[in-house]
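Take a look at the structure below.
Please treat every number below as a calculation from the coordinates, not as lab data. As the structure is a prediction and not an experimental result, all values here were calculated from the model. Positions of Cβ are backbone-derived with ideal geometry, glycine not excepted, and every protein chain shown enters the neighbour counts.
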Amino acid sequence: MGLLALLVMTSSLVLCAVLVPATAPLAQALGAIDEPGHRKHHPRPTPRLGGVAVAVSFLVVVLAGFFLAPRLSIQWHLLEVPLAMLREAPRVTSKLMAVLAGATLCLLVGVLDDVLGPRLPVLAKLGGQFLAAGVVAGGDVRVSFMPYEWMNVALTVLWLVGVTNAFNLLDNMDGLAAGVAFVASLVFLLNAWLLGELFIVLLLAAFMGSLAGFLVHNAPPARVFLGDGGSLFIGCAMGSLTLLERYVSGASSSLFPILMPVVVLAVPLIDTFMVVFVRLKQRRPIYVGDRLHLSHRLVAHGLSPRAAVGFLYLATFFFGLGAVTLAHADMKVSVLVLVQSLGAVGLMLWLVFNRKEPS
């Protein structure tokens, strides 16, 4: 399984790295250019359709694997078992297509926002996200622990829209949103690997490869940005993949492991709740950008933008390491992990708020 996952990741990485430069002339032609401003760190106009390359590379590799792998006959013992398992892929067709369709819809909504800017109504952008979440939930990709099915659907839609917007808001510094998504995906991949979920491992490998291929061009100083299309795609795909994965093993004696995605995605979720709270407190529209994000506050504490991004990578990784143990944890260990995570969240918030807000 490891070799196949590596091949999948490498394929999507190379494809994305090759496609990203092609998005620059496309962005120029469509007017999707991010101009410098007082809230921004980049000194020159930068194309913001790089996320299209992330989406295309992920979709191409996943669909190619889905349709071709079951038909391959390779006489190599290292790949025989994984390929035999992939021949069962048609059993998950509806769920996979729902995830890909929902993420693609978010991509299209985001690209419209990149091109039209303020001309795209906020409610239209939000409506597109709810529609995408409905497509995913309608494909039977949803939570299942609530007592009534309508509650499962409602919670699924709220989770997907929340995570989608969390990554959209997190995309405020070079390499941040894609890098945090990469680290979080690594944690989810580790969990899927430990639970023997081959399909999820390969989906996450393709996703991580696409993100890594983009980060080659997005590392500071970035030559291209994700844009709203990319960040919305990443958020929707990330949220959907967490719904496909299992988090409770037979060894667990509690339902606390279902909180694993919340813990792993703590950084984007904290950032979202924090900026929304502050904007509402100041009676400002929650969709109008500012410099109140975790990354900006870390820079205000004296870190360089690169160091601030690295700090948030590490925070995501360490949150994730604690969460991985939840799958096999009993009640006592689950509570301990959650208390530890809440303590880390509290410490992070104290650090970033213990200073005058950046202007």
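Using only the alpha carbons of the chain, determine the length spanned along each of the three principal axes and report them from longest to shortest in whole angstroms.
58, 52, 38
Determine, at each q value in 0.13, 0.14, 0.18 (inverse angstroms), the log₁₀ of I(q)/I(0) that the Debye formula gives when each Cα of the stretch 180-328 is one equal point scatterer.
The calculated log intensity ratios at q = 0.13, 0.14, 0.18 Å⁻¹ are -0.66, -0.76, -1.16.
Under a GNM of the chain (C-alpha, springs under 10 Å), which listed residue has the highest mean-square fluctuation: Ser334, Ser12, Ser304?
Among Ser334, Ser12, Ser304, the largest mean-square fluctuation in the Gaussian network model of the chain belongs to Ser304.
Which one, Leu126, Thr242, Leu15, projects farthest toward the positive side of the charge dipole computed for the stretch 2-249 from Cβ point charges (K/R +1, D/E -1)?
Result: Leu15, furthest along the dipole toward the positive end.
Rounded to the nearest 500, what is the 222 nm mean residue ellipticity of the chain from helices alone, with -39500 (n - 2.57) per DSSP H run of 4+ residues and division by all residues?
That comes out to -23500 deg cm²/dmol.
When only Cα pairs under 8 Å and 6 or more residues apart are kept, what is the percent relative contact order across the chain?
23 percent
Can you give the log10 of the normalised intensity I(q)/I(0) at q = 0.10, 0.15, 0.17 Å⁻¹, computed with Debye over equal Cα scatterers of the stretch 108-224?
Debye output, listed in q order: -0.40, -0.88, -1.08.
I need the per residue convex hull volume for the stretch 303-359, using only the alpha carbons, in cubic angstrom as a whole number.
74 Å³
Please sort 307-315, 325-333, 290-298 by packing, taking for each peptide the average over its residues of neighbouring beta carbons within 10 angstrom, highest first.
290-298, 307-315, 325-333
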